[in-house]
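The values are calculated or read from the model by the stated rules, or taken from the named source; none is laboratory data. The structure presented is a predicted model; accordingly, all values stated were derived computationally and were not measured. Cβ placement follows ideal geometry from the backbone for every residue including glycine, while neighbour counts extend to all protein chains displayed.
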Amino acid sequence: MCGAKSIFKVVIIVAVAMLATGCGKWAYKPELSNPLKISNEAAMGKSVAADDSIKIIHDEITELYEKSKVYLSGGWKDRENLAQMYFVLHNIYREGLNPEDYHFSEIKLLTDKIIMSDSANNADISRLEFLLSDSFLLLSEHLAAGKTDSETIDPEWKASRRVSAIDWQKYIDSTLLNKCIVENLHKLTPGHREYTNLKKALAQYLLIEEEGGWGRFVTEVPKLEIGMCHPDIALLRKRLAYSQGYIASGLDDSDLFDRLLCEQVMLFQQRNGLTADGIVGKSTVEAMNITVEARIASIEANLERWRWLSDDLGKRYITVNIANFELQVIENDDMVFRSKVIVGRSIRKTPVFSSIMTYVVLNPDWTVPPTILNTDIIPSVIKDPGYLAEKNLKILRTDGTEVDPLSIDWTKIGTNGFPYRIHQEPGPENALGRVKFMFPNRYSVYIHDTPNHRLFGSTDRSLSSGCIRVSNPVDLVACLMSDNPQWTTAQIKTAIGRGKEMTVVLLKPIEVHIVYHTAWASDDGTVYFRKDIYERDKPLLIALSAGNSKTDQ
């Protein structure tokens, strides 16, 4: 992508000109919220800014049109369509897509050849028409459902997908006839606020890259913290300023680690999923030294994930971002509830999928699933014969009668031949805690409470066997029951206090989306990054950089 930008830098120049009219380095005007939403004035080459580069492009399109209009056919015979398509190609990297995947260089070379020749060559014109049409169709498909195939790149991605029922031939004919390339491509991009926010973040980091990025931050001391005075602290201010803006020194001493700097360090730590203690130690330095190019790549990977995801997640839904260890309840596009969660370890990953929650269980019992029986329970019992009694686990036959664990030869038994089930009664020490949230899925994954709440204090919470543990389950039940006057928070606690298992059906089932995003941005422009705990970004980025269609992978 850097090569494409060096060939044609008009978009950066225009973006800088527009940004300069705002307040502050990263101010954004509404028209920049979607890079494909280029003004008709710009597409027509009319005056939109006092910038010579706009005129250069306008002149180039004019000259191309004059040289080739006799030979052009169909929709490309219209100068307006040519202008709009050129501007889209010049801007498409702002969607996290590579212009070279859409014949950027070849189109540019053909354009230059036609302009420089005494008379247009019919073969060149035909080739240009083909490239423009193919570019438009590829872009349409990729914006509508992703450049890559989600299940090919990430077989565990089973979330609700964007589905396009477009008749592509009619679509391109209609678009060219009505001269609405920019408008129609804009309509194909995801409508989620998160996608728009991420594109703003991409624009920020591309500008940082254009300015040379940040160098490595190296300090001679094990840690930097509030109250210290050291020459490296001035370098720390400079590093943070790249992504967080200028940091003033309260006492006009840039070498002093003052309160304002401490607050900015804590903000950086929060944005990068670190313990926000304001101390610059090893993990914080490592995060600061992740290059701007790597951050851009992370944003591009997550833009693609949003292109995979359905535009209709529901008016009210639950989303769990595995990489952020967080659950949110969204209602009418606003977050009404959030909670820390614990997700699966790297060897027992929580899958990405969508389902519908229909009921919750208060005081649930627990039957040990086969995977946990084989990998956890049996090895633990072999090591400690008293393990089952300590965990209040009982071995039951199909008729419900109990089996003495000492009567079983645990060294010879396996899950395939295990004729019993291991059961845990409801109670405060139950592995599922006091509440279980149920939504049918083939993974036997659900959201539940836990008796071990101290684990929520960890920054990295990939600690479970695949299910999702929620830190404040009672509040989540109350949120989901907000439309049912029978179930206030007090009544929920009373029912739990009785200690008896109880199933409560939701009056309104709610969609659940378990997703995986390692980068996102808020409405105010704050950008967040998280560790790629399941190492899913790299194969996605490789796929994004290889070939120009899903069939090439």
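Among the candidates 331, 293, 300, 326, the residue that is crowded, with 22+ Cβ neighbours inside 10 Å and either free of Cβ contacts under 8 Å to residues at least 60 places away in the same chain or not hydrophobic (A, V, I, L, M, F, W, C) (or both) is uniquely 300. Within region 496-527, if we keep just the residues that are among the acidic types (Asp, Glu) and not assigned by TED's automatic domain parsing to the domain that holds residue 319, the residue that is surrounded by the fewest Cβ atoms within 10 Å (Cβ to Cβ) turns out to be 524.
Please indicate, with yes or no, whether at least one residue in region 545-552 is surrounded by 18 or more Cβ atoms within 10 Å (Cβ to Cβ) and of a type in the set (A, V, I, L, M). No; the residues of region 545-552 include none that is surrounded by 18 or more Cβ atoms within 10 Å (Cβ to Cβ) and of a type in the set (A, V, I, L, M). The residues listed here are 301, 323; of these, the one that is assigned by TED's automatic domain parsing to the domain that holds residue 512, at pLDDT 95 or above and not aromatic (Phe, Trp, Tyr) is 323.
Considering region 132-154, the residues that are without any contact (Cβ under 8 Å) to a residue 40 or more places away in the chain and more than 24 Å from residue 314 (Cα to Cα) include one that is surrounded by the most Cβ atoms within 10 Å (Cβ to Cβ), namely 137. Annotation note: of 183, 210, the sole residue that is assigned by TED's automatic domain parsing to the domain that holds residue 145 and either at negative phi or among the charged types (D, E, K, R) (or both) is 183. Of all the listed residues (352, 343), the sole one being of a type in the set (Val, Ile, Thr), crowded, with 19+ Cβ neighbours inside 10 Å and within 30 Å of residue 500 (Cβ to Cβ) is 343.
Can you find even one residue in region 78-101 that is of a type in the set (Val, Ile, Thr), in contact with a Ser or Thr (Cβ under 6 Å, 6 or more places away or on another chain) and buried (at least 20 other Cβ atoms within 10 Å of the Cβ)? The answer is no; no qualifying residue exists.
Looking for something assigned to a loop (DSSP other than H, G, I, E, B) and over 20 Å from residue 65 (Cα atoms) - is there at least one such residue anywhere in region 127-145? Among the residues of region 127-145, not one is assigned to a loop (DSSP other than H, G, I, E, B) and over 20 Å from residue 65 (Cα atoms), which makes the answer no.
All conditions but one from (1) farther than 27 Å from residue 462 by Cα; (2) in contact with a helix residue (DSSP H, G or I) (Cβ under 9 Å, 6 or more places away or on another chain) apply to residue 509; the one that does not is (2).
Among the residues of region 353-374, are any assigned to a helix (DSSP H, G or I), farther than 20 Å from residue 463 by Cβ and in contact with a strand residue (DSSP E or B) (Cβ under 9 Å, 6 or more places away or on another chain)? I'd like the intermediate steps shown before the answer.
So in region 353-374, the residues assigned to a helix (DSSP H, G or I) come out as 370-374.
With the extra rule that they be farther than 20 Å from residue 463 by Cβ, the set shrinks to 370.
Pick out the ones that are also in contact with a strand residue (DSSP E or B) (Cβ under 9 Å, 6 or more places away or on another chain) and you get none.
No, every residue in region 353-374 fails to be assigned to a helix (DSSP H, G or I), farther than 20 Å from residue 463 by Cβ and in contact with a strand residue (DSSP E or B) (Cβ under 9 Å, 6 or more places away or on another chain).
Within region 452-467, residues that are closer than 7 Å to residue 343 by Cα sit with their Cβ atoms under 8 Å from residues that are among the hydrophobic types (A, V, I, L, M, F, W, C) and in a loop (DSSP other than H, G, I, E, B), at 6+ positions apart or across chains, in these pairs: 461/325; 462/325; 462/533; 466/445; 467/445.
From the list 458, 462, 444, the lone residue that is under 29 Å from residue 405 (Cβ atoms) and among the hydroxyl-bearing types (Ser, Thr, Tyr) is 444.
This table checks each residue for (1) over 16 Å from residue 521 (Cβ atoms); (2) among the aliphatic types (A, V, I, L, M); (3) touching a Phe, Trp or Tyr at 6+ places or on another chain (Cβ under 6 Å).
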| position | (1), (2), (3) |
| --- | --- |
| 238 | yes, no, no |
| 243 | no, no, no |
| 254 | yes, no, no |
| 257 | yes, no, no |
| 261 | yes, yes, no |
| 276 | yes, yes, no |
| 302 | no, no, no |
| 305 | no, no, no |
| 308 | yes, no, no |
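For region 389-422, a residue qualifies if it is modelled with pLDDT under 90 and closer than 30 Å to residue 494 by Cα, and the qualifying residues are 389, 390, 391, 392, 400.
Please report, ordered by residue number, the helices (runs of 4 or more DSSP H) entirely within region 168-211 with at least 2 residues that are at pLDDT below 95 and closer than 14 Å to residue 141 by Cα.
On the way: elements: 168-177, 181-188, 193-210.
Where helices (runs of 4 or more DSSP H) fall fully within region 168-211 and carry at least 2 residues being at pLDDT below 95 and closer than 14 Å to residue 141 by Cα, they are 168-177, 181-188.
Among the residues making up region 456-471, those that are out of contact with any helix residue (DSSP H, G or I) (no Cβ under 7 Å at 6 or more places or on another chain), surrounded by fewer than 18 Cβ atoms within 10 Å (Cβ to Cβ) and among the polar types (S, T, N, Q) are 458, 459. Check region 167-180 and report whether any residue there is exposed (fewer than 13 other Cβ atoms within 10 Å of the Cβ), touching a residue at least 12 places away in the same chain (Cβ under 8 Å) and not assigned by TED's automatic domain parsing to the domain that holds residue 442. Yes. Looking at the structure I just gave you, is residue 353 on the phi > 0 side of the Ramachandran plot and under 18 Å from the mean Cα position of the chain (by Cα)? It is false that residue 353 is on the phi > 0 side of the Ramachandran plot and under 18 Å from the mean Cα position of the chain (by Cα).
So that you can scan it fast, the table gives a plain yes or no per residue for (1) of a type in the set (A, V, I, L, M, F, W, C); (2) in contact with a Lys or Arg (Cβ under 9 Å, 6 or more places away or on another chain); (3) under 30 Å from residue 241 (Cα atoms):
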{"residue": "475", "(1), (2), (3)": "no, no, no"}
{"residue": "480", "(1), (2), (3)": "yes, yes, no"}
{"residue": "501", "(1), (2), (3)": "no, no, no"}
{"residue": "522", "(1), (2), (3)": "no, no, yes"}
{"residue": "544", "(1), (2), (3)": "yes, yes, no"}
